[in-house]
1. Step by step: first the residues of segment 19-38, then only those that are closer than 14 Å to A91 by Cα and in contact with a Pro (Cβ under 9 Å, 6 or more places away or on another chain), then the one that is surrounded by the most Cβ atoms within 10 Å (Cβ to Cβ). Which residue is that?
2. Would it be correct to say that L79 is farther than 23 Å from P201 by Cβ, assigned to a helix (DSSP H, G or I) and either in contact (Cβ under 8 Å) with a residue 12 or more places away in the chain or not assigned by TED's automatic domain parsing to the domain that holds G199 (or both)?
3. Would you check which residues across segment 103-130 are of a type outside the set (K, R) and in a loop (DSSP other than H, G, I, E, B) and list them?
4. In segment 39-76, which residue that is surrounded by fewer than 16 Cβ atoms within 10 Å (Cβ to Cβ) and not in a loop (DSSP other than H, G, I, E, B) is modelled with the lowest pLDDT?
5. Is there a residue being surrounded by 15 or more Cβ atoms within 10 Å (Cβ to Cβ), at pLDDT 95 or above and part of a loop (DSSP other than H, G, I, E, B) anywhere in segment 2-14?
6. Tell me the residue from A143, A151 that is touching a Lys or Arg at 6+ places or on another chain (Cβ under 9 Å), hydrophobic (A, V, I, L, M, F, W, C) and under 26 Å from D93 (Cα atoms), please.
Amino acid sequence: MTREPDGTTKAVIFDLDGTLIDSAPDLRVALNHLLAEEGRRAVDLEAVKMMIGDGVQKLVERGFAATGEAAESGDLAALTERYLGFYEGHAADLTRPYPGAAEALAALRGAGYGLGICTNKPYAATLEILEELDLAAYFQAIAGGDSVPGARKPDPRHLLAVVEGLGARAETAVMVGDNQNDVNAARGAGMPVIVVSFGYPKMPIGELGADLVIDRFADLPGAIARLP
């Protein structure tokens with residue numbers, strides 16, 4: 001559903017990790033599997049949460065940097081492929097939606113909003129998780145970190161591709177995320193942005209520069225209605 005001439009919000013685009021789902025446990029298992037194969041120590045859950053948000057290769061790079069000598073840049077692509085070889089197929093073993101996420105999605109769809117996903121997670125793993133958690137049917141447009149050639153958050157082109165896929169316009173869409181990449185992508189696209197307080201930010205929530213902050217998904221429809 002597209003925007004009305006009065007500017008009313010009609011499209012809502014969500015980040016995935018740390019916003020709709022708590023995926024850190026599965027990301028940690030896969031990273032520690034790779035690190036163990038390389039003779040490295042395991043990393044704990046809180047450390048992994050601070051590594052999430054910039055795509056799989058960055059997660060792998062940060063995992064190696066945190067456990068000893070940094071991985072050679074020429075090895076990162078192969079290491080990332082090995083990581084994905086384990087993660088894909090196990091991406092929803094421990095991952096769960098945040099409380100109230102499914103109910104909020106159902107309410108938004110019922111109210112006529114178009115819903116999309118814009119995530120730096122690879123598309124295949126994104127779809128696997130959404131299907132396993134019974135969330136896929138809520139979304140009409142999904143872009144993973146490998147879906148838009150040469151662009152992923154914070155590049156606004158990544159977000160705008162989802163807006164276009166929804167048949168909407170940036171000025172009548174809103175981004176919902178949890179970290180600086182989400183805010184920066186929204187600002188670059190000319191969109192308002194709401195952040196959740198329970199995700200994986202790398203700085204205090206109040207410093208992200210979002211339009212609004214919500215502490216639970218039950219507050220999301222009201223927050224959208226309060227946007228300028």
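The values are calculated or read from the model by the stated rules, or taken from the named source; none is laboratory data. As the structure is a prediction and not an experimental result, all values here were calculated from the model. In this analysis, Cβ positions are derived from the backbone assuming ideal geometry, glycine residues included, and neighbour counts consider all displayed protein chains.
1. Restricting to residues being closer than 14 Å to A91 by Cα and in contact with a Pro (Cβ under 9 Å, 6 or more places away or on another chain), the top hit is I21.
2. Working: farther than 23 Å from P201 by Cβ: yes; assigned to a helix (DSSP H, G or I): yes; either in contact (Cβ under 8 Å) with a residue 12 or more places away in the chain or not assigned by TED's automatic domain parsing to the domain that holds G199 (or both): yes.
Yes; evaluated as a whole, the condition is true for this residue.
3. Filtering segment 103-130 for residues of a type outside the set (K, R) gives 103-108, 110-120, 122-130.
Passing the criteria: A111, G112, Y113, T119, N120, P122.
4. Going through segment 39-76, the residues surrounded by fewer than 16 Cβ atoms within 10 Å (Cβ to Cβ) turn out to be 39, 41-42, 44-46, 50, 65, 68-70, 72-75.
Filter once more, keeping what is not in a loop (DSSP other than H, G, I, E, B): 45-46, 65, 73-75.
Values: L45: 98, E46: 97, A65: 97, S73: 91, G74: 94, D75: 96.
For segment 39-76, the residue satisfying everything is S73.
5. Start the filter on segment 2-14 by keeping residues that are surrounded by 15 or more Cβ atoms within 10 Å (Cβ to Cβ), which leaves 3, 9-14.
Now drop any that are not at pLDDT 95 or above, which leaves 11-14.
Imposing the further condition that a residue be part of a loop (DSSP other than H, G, I, E, B) reduces the set to none.
No, that holds for no residue.
6. Details: A151 fails: under 26 Å from D93 (Cα atoms).
It is A143.
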